[in-house]
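The structure appears right after this line, and notes come after that.
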Amino acid sequence: MSSTMRAFVLTGPREGSVQEVPVPRATAGEVVVDVERAGVCGTDVEFFTGEMAYLHQGHAAYPMRLGHEWAGTVSAVGDGVDPAWLGRRVMGDTMLGDRTCRRCRRGHQHTCENRQEVGIRGGRAGALAERLAVPAWSLHALPGSVDAELGALVEPGGNALRAARAAGTGAGDRALVLGPGTIGLLTALFLRAAGAEVHVMGVADGAFARSLGFAHVWTRATLPDLPFDAVVDATGAPGSPALAVELVEPAGRVVHIGLSGRPSLLDTRELVLKDVTAVGVLSASPGLADTIAAYASGAVDPRPLVAATVGLDRTGAVLAGERIGGAGPKVHIDPRR
């Protein structure tokens, strides 16, 4: 086996290329995964542009290797790892807590102050590469009905599942999702699977959302005056959190999963006087297993969201915003190409 592999290395804002880098080793407690798919998401784009907050907070620095939405097959295991992992198709948690602090011990390792994040934080190399090393405890096995494409959609799906659950809606309830990007549409799919009447609001005509079977697709100008039992803000617009509180029914719930590039302001008097419950969702971690189960059963099918799957050499173009493939918001990278 060669001692090097191909990986996309980001060396500065809008500067990156495919390079030959050392193949990772399976150290004690870790595995090496042959990456089959890796998704590109908004966080990756923020690192590419240099806008990502972690770069300015000291949690990340160039050069770095992106990629936290991935699936692949375990090809090597380190000391102390069950050899039964070998040959298994897996995906993995992005958030790697230290497993010793109070938050980790209480089951909130995704909020660990000392956490690494695969392809994002703490120097942990990501999956835009032929191989990836991660702790064995972070793995989730994928059943046969969940292939690499679906597997690479588990991480964003876990975020969306948590947002949908936080909305607390079901049969007889009406939910509004602000922002028909990957996370917004995945959230809408999970809300629909739970029985809610789902409405989606964006800035464009919403043709793609309609192609997924959502009949109630609006812009701000066309949004009807309806009571929404829950509103999920999946946008990056700084005004959307306040809009969510404005649009939700009294005693309803607002869920904030989108992050804007500058502070968002909302009037907490409206939050209090409407008796609204507000929830923030940071990570997919607590929702990964149930997302895999939803994909495996067919309860939620996110495949239409993938516009194209391209080789590693196209990574820079994807990060720069080049439109590739169909109408879906997600592009996957196959590092084997």
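The values are calculated or read from the model by the stated rules, or taken from the named source; none is laboratory data. These numbers come from a predicted model, not from an experiment. Methodologically, a virtual Cβ is constructed for each residue, glycine included, from the backbone with ideal geometry; neighbour enumeration extends over all protein chains shown.
Within the stretch 10-51, how many residues are without any contact (Cβ under 8 Å) to a residue 24 or more places away in the chain and among the hydrophobic types (A, V, I, L, M, F, W, C)?
Qualifying residue count for the region: 0.
Between Ala152, Ala175, Ala167, which is under 24 Å from Ser75 (Cα atoms) and in contact (Cβ under 8 Å) with a residue 24 or more places away in the chain? Full working, then the answer.
On the way: Ala175 fails: under 24 Å from Ser75 (Cα atoms); Ala167 fails: under 24 Å from Ser75 (Cα atoms).
The unique qualifying residue is Ala152.
Considering only residues that are in a helix (DSSP H, G or I) and either at positive phi or surrounded by fewer than 17 Cβ atoms within 10 Å (Cβ to Cβ) (or both), which ones fall in the stretch 272-289?
Scanning the stretch 272-289 gives Val272, Leu273, Ala289.
For the stretch 290-337, give me each residue that is part of a loop (DSSP other than H, G, I, E, B), touching a residue at least 12 places away in the same chain (Cβ under 8 Å) and of a type in the set (Asp, Glu).
Asp301
In the stretch 297-337, what residues are modelled with pLDDT under 95 and among the polar types (S, T, N, Q)?
The answer is none; no residue qualifies.
Looking at Ala84, Ala61, which one is part of a loop (DSSP other than H, G, I, E, B), surrounded by fewer than 16 Cβ atoms within 10 Å (Cβ to Cβ) and of a type in the set (A, V, I, L, M, F, W, C)? Give the derivation first.
Numbers: Ala84 fails: part of a loop (DSSP other than H, G, I, E, B).
Result: Ala61 is the single residue among Ala84, Ala61 that is part of a loop (DSSP other than H, G, I, E, B), surrounded by fewer than 16 Cβ atoms within 10 Å (Cβ to Cβ) and of a type in the set (A, V, I, L, M, F, W, C).
What number of residues within the stretch 23-49 are out of contact with any strand residue (DSSP E or B) (no Cβ under 9 Å at 6 or more places or on another chain) and under 16 Å from Val77 (Cβ atoms)?
Qualifying residue count, the stretch 23-49: 1.
Suppose we filter Ser260, Ser240, Ser211 for residues that are more than 23 Å from Gly151 (Cβ to Cβ) and at pLDDT below 95; which single one remains?
On the way: Ser240 fails: at pLDDT below 95; Ser211 fails: at pLDDT below 95.
None of the others qualify; the one that does is Ser260.
How about the stretch 84-114: which of its residues are without any contact (Cβ under 8 Å) to a residue 12 or more places away in the chain and touching a strand residue (DSSP E or B) at 6+ places or on another chain (Cβ under 6 Å)?
Across the stretch 84-114, there are no qualifying residues.
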